[in-house]
Amino acid sequence: MARPRKDQQIDIRGRAIEEATRLLERTSAAELTMQEVAAAVGCRAPALYNHFRNKDDLLRAVHDAGFERLFAGKLALAGRSAIGAFERLRAGGIAYIAFALENPSLYRLMFAPPPSDGGGEAAENPFRNDLGLKSLALLRASIVGCQGEGYLPGQDPDVVAFTLWSAVHGAASLMLQDRAPVSETVDGDRLAGRVVDTMMAFVAATRQPGPDAT
């Protein structure tokens, strides 16, 4: 029996997603090539097309993997029961911006994926089933937890979650574009924490002691 080729002995799909993600650390999604990914995986370029229709298909898979990484990190924070909901919300915001700054090309891809070529509902509304919604749902759960501690009384958790997500996403995006206010009193390394702490101060100002507040 003939020995299988090297490209038959490896998980090409999984490795391709991993290597494409790694390559995005030093190049943009637009400049990434299937040949580069194949070389990093250790297979021939045509072998990639057995798993991805084209480069856009691969990038959509990387997009999904990026949100899974972000969700896993936020889920780990949510599982830290030793800290309260307010502190978990703050830690999640800082972790979010840090993720964006540490993975700039991946982060940009996560919010600007190639359009689906499958047609139907996915083409009409590409974000209806976007994995980013899982992170938004987790953020909403943190808001509900904060409300249980007396913060944001009477506020719609869906609206608050979207507002906070918009704020951290906007801050991360502007920082990636070098449009952040860096000065003698606000340096780039500390800006993420300062942004999140400012938002948390707004949340803290809404607290009303109640029977469930701690």
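The values are calculated or read from the model by the stated rules, or taken from the named source; none is laboratory data. Please read all numbers here as calculations on a predicted model, not as lab measurements. FYI the Cβ positions are ideal-geometry reconstructions off the backbone, even for glycines, and counts take in every protein chain you see. All accessible areas refer to the heavy atoms of the entire protein, side chains included, with ligands and DNA or RNA removed. Shrake-Rupley method; radii C 1.70, N 1.55, O 1.52, S 1.80 Å.
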On the basis of being in contact (Cβ under 8 Å) with a residue 40 or more places away in the chain and touching a Ser or Thr at 6+ places or on another chain (Cβ under 6 Å), does Leu59 make the cut?
no
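So that you can scan it fast, the table gives a plain yes or no per residue for (1) at pLDDT 90 or above; (2) touching a helix residue (DSSP H, G or I) at 6+ places or on another chain (Cβ under 6 Å); (3) among the hydrophobic types (A, V, I, L, M, F, W, C):
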| site | (1), (2), (3) |
| --- | --- |
| Arg108 | yes, no, no |
| Phe111 | yes, no, yes |
| Asp117 | no, no, no |
| Ala122 | no, no, yes |
| Asn125 | no, no, no |
| Arg140 | yes, yes, no |
| Gly145 | yes, yes, no |
| Gly150 | yes, no, no |
| Pro157 | yes, yes, no |
What helices (runs of 4 or more DSSP H) completely inside segment 27-82 contain at least 1 residues that are open to solvent by less than 60 Å² (accessible area, probe 1.4 Å) and at pLDDT below 95?
45-48, 55-78
